[in-house]
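Comments concern the structure below.
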Amino acid sequence: MRAVVFESPGQLSVKDLPDPSPGPKDILVRVAAVGMCGTDIHVFEGDYLGGQFPMIPGHEATGTIEAIGEAVTGFSVGDRVAIDPTMTCGECEYCLNGRNNLCRNWDSMGVISSHGASAELILAPAKNVYALAPDADLFDATMIEPISCAIRALDILPRRIGEHYLIYGAGTMGLLLAQLAPRAGAASVSVVDPNESRLQLAREVGVDIVATGADHLDRENWDVVIDCTGVIAAMEDGMPRVKPGGYFQQFGVAAVDAKARYSPLSITKDEINIVGSMAARHTFGRAVEMFTAGAINVKPMFSHAFTLDDYDTAMETFRKGTGRKLQIRPGAAESQTLQST
Ligand SMILES: [Zn+2]
Ligand SMILES: [Zn+2]
């Protein structure tokens, strides 16, 4: 199989590797597409904690079943599937208490030590493989993995009917959360981002209230404020806008040594709740349900599809930040622009 391999920090090659063959409980999937996100860049640069080399990247994958291990039931060759990349030990204190996204040996295919999906084939344990509808759009369905992370974020929030949400950042995760929040009870969702072209995409996917900064909005405070930027200035701007008794959620990933400032007094007297959200926990199946139900308008969110051989161009495009969501299509003959931005 052809595969992208991160050989060492900052070094990649595209090469032919032996096809993997499934163990008794594995499924071999022919990859249709795999989404690219900021995590892949961190893995490439070697600044993902615990990340090992060489590594085939890619954790947002879909495809069709190529071969099935002898102990696997309920799947057939040719089924369309999405792959939950999460690998947990099942033995640590957190796994044993049902908090497997906090597993002390947490792994994700394409991120830490298990190979990912930027290849023609990927081997996955059957428990990580989720069947999709026979007519599912496998390119759009790469958004299921990011949706599973957005659902995790909402699982942590109180999801009370009639609350007002403010989201910082109109990137992929901000716009998934903005589309899911009304399903979780939000009366209104406002999205702020200094980038006007991202706000345009926010409008396209149905977000009503968008602005380049929260000062331009009619409301002064919100029940739920979510940072999807990882940018300190955004967090420090958002925290004082949480209503008494409300929630501030840190979703965006900040640099390892970053520090943000907040008012301890307001946390005390206004009973502000500050919560995080780490990857996904028991949410992949529900992400499949929400995708299949058409609850989220994902198509406008993609801008480019790249072949394996153009992986470095994909990373360059990602770094420029001018595109929308990017994906790799290992079976494609050539790279293409899905929509101009
Ligand atoms: Zn990702
Ligand atoms: Zn564990």
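The values are calculated or read from the model by the stated rules, or taken from the named source; none is laboratory data. Quick caveat, the model's predicted, so the values are computed rather than measured. Cβ coordinates were reconstructed from backbone atoms using ideal geometry, including for glycine residues, and neighbour counts include every protein chain displayed. Areas reflect the complete protein model, heavy atoms only, side chains present, ligands, DNA and RNA absent. Shrake-Rupley method; radii C 1.70, N 1.55, O 1.52, S 1.80 Å.
Solvent-accessible surface (1.4 Å probe) assigned to Ile267 amounts to roughly 40 Å². Here region 66-118 and region 268-341 have alpha carbon centers that stand 20 Å from each other.
In Å², and per residue, what accessible area does the chain have when probed at 1.4 Å with the other protein chains present?
On the way: 15390 Å² over 341 residues.
That works out to 45 Å² per residue.
Quick check: at a probe of 1.4 Å, how many percent of the accessible area of the chain sits on carbon and sulfur atoms?
On the way: 7600 of 15390 Å².
C and S fraction of accessible area: 49 percent.
A Gaussian network model of the chain, with springs between Cα atoms under 10 Å, assigns the largest mean-square fluctuation among Ala305, Ala211, Ala258 to Ala258. Backbone geometry of region 105-110 corresponds, through the Karplus equation with coefficients 6.51, -1.76 and 1.60 at θ = phi - 60°, to 3J(HN,Hα) couplings of 10, 4, 9, 9, 3, x Hz, x marking Gly and Pro.
Rounded to the nearest 20 Debye, what is the dipole magnitude of the chain about its Cα centre when Lys and Arg each give +1 and Asp and Glu each give -1 at the C-beta?
Details: 28 positive and 42 negative charges, 138 e Å.
So the dipole magnitude of the chain works out to roughly 660 debye.
Compared with the dominant Cα axis of the chain, that is its longest principal axis, helix 144-156 is turned about 40°.
Annotation: the antiparallel percentage among DSSP beta bridges lying fully within the chain is about 60.
Each label was represented as a point 7 Å from its Cα along the Cα-to-Cβ direction; for Asp270 and Asp215 these points are 1.8 nm apart. Anyone know which of Val256, Val72, Val189 comes out most mobile in the 10 Å Cα GNM of the chain? Taking springs between Cα atoms under 10 Å, the residue moving most is Val256.
A cut-off of 5 Å between modelled amide H atoms, ignoring neighbours fewer than 5 places along the same chain, links Met87 with Asp107, Ser108, Met109.
Taking amide H as placed 1.01 Å from N in the peptide plane, Leu12 has its amide H under 5 Å from the amide H of Glu7, each at least 5 places away in sequence or on another chain.
Loop sites here are GluC sites (Glu not before Pro) outside DSSP states H, G, I, E and B with no more than 11 other Cβ atoms within 10 Å. The longest part of the chain free of them is 92-219.
Restricting the trypsin sites (Lys or Arg not before Pro) of region 41-116 to loop positions (DSSP other than H, G, I, E, B) with no more than 12 neighbouring Cβ atoms within 10 Å leaves Arg104. The stretch between Ser21 and Phe75 holds 17.8 nm of extra length on full extension. This uses 0.36 nm per residue minus the Cα-Cα distance. Amide H contacts for Val210 (H built 1.01 Å from N in the peptide plane; partners 5 or more residues away or on another chain; cut-off under 5 Å): Val191. Full extension of the chain between Lys127 and Asp257 yields a length gain of 43.2 nm, computed as 0.36 nm times the residue separation minus the alpha carbon distance.
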